[in-house]
């Protein structure tokens, strides 16, 4: 996002307009054309503030909990997701606001108007957007709840984790 002289590139300027950590800005900027502005914004909003422990360790389950949540976190998450959707709509499409767009090209699934539904395919959406922000956290299942991260490090999940049976 910066050139050899240390100046922000056009992409860097676009990322800075999102008001996010650069990793999250990259995930929103690159994820929106693939999964839709709204769904990318919702996942990035989840990644930008740790959800309550009772939401669990599964990002998609936390996404569902945030959408239906009437707690303080759910309200903050919805406000941040709306803000990010508006900001990304302007930055990704280059136009005046999100206007419920899917963010152009690459499928744009679930980016239309109204509230997004967390349903079929949302594991892939959450996985893609998260991997764009944190590629080093991608891990493949090994034996008995163990995972091999792309860095080569091993990771283990808590005994009660719903992710223990996940392939990735």
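Of all the listed residues (148, 128), the sole one being in the same structural domain as residue 45 (by TED's automatic domain parsing) and at pLDDT 50 or above is 128. Can you name every residue in the stretch 117-146 that is free of Cβ contacts under 8 Å to residues at least 24 places away in the same chain and more than 29 Å from residue 20 (Cα to Cα)? Scanning the stretch 117-146 gives 142, 143, 144, 145, 146.
Please go through the stretch 122-159 and give me each residue that is more than 23 Å from residue 49 (Cα to Cα) and in a loop (DSSP other than H, G, I, E, B), ordered by number. Residues satisfying the conditions are 142, 143, 144, 145, 150, 151, 152, 153, 159. For the residues 70, 161, 116, the requirement of being modelled with pLDDT under 95 and outside the structural domain of residue 58 (by TED's automatic domain parsing) singles out 161. Report whether or not residue 54 is exposed (fewer than 15 other Cβ atoms within 10 Å of the Cβ) and either part of a helix (DSSP H, G or I) or within 14 Å of the chain's Cα centre (by Cα) (or both). Yes: the conditions hold for residue 54.
Restricting 19, 56, 69, 12 to residues that are under 24 Å from residue 163 (Cα atoms) and either touching a strand residue (DSSP E or B) at 6+ places or on another chain (Cβ under 9 Å) or touching a residue at least 24 places away in the same chain (Cβ under 8 Å) (or both) narrows the list to 56. Determine whether the stretch 36-46 contains at least one residue that is over 24 Å from residue 123 (Cα atoms), touching a residue at least 60 places away in the same chain (Cβ under 8 Å) and not in a helix (DSSP H, G or I). Checked the stretch 36-46: no residue is over 24 Å from residue 123 (Cα atoms), touching a residue at least 60 places away in the same chain (Cβ under 8 Å) and not in a helix (DSSP H, G or I).
The values are calculated or read from the model by the stated rules, or taken from the named source; none is laboratory data. Worth saying up front: this structure is predicted, and the values here are computed from it rather than measured. Positions of Cβ are generated from backbone atoms using ideal geometry, with glycine treated the same way; all protein chains shown enter the neighbour counts.
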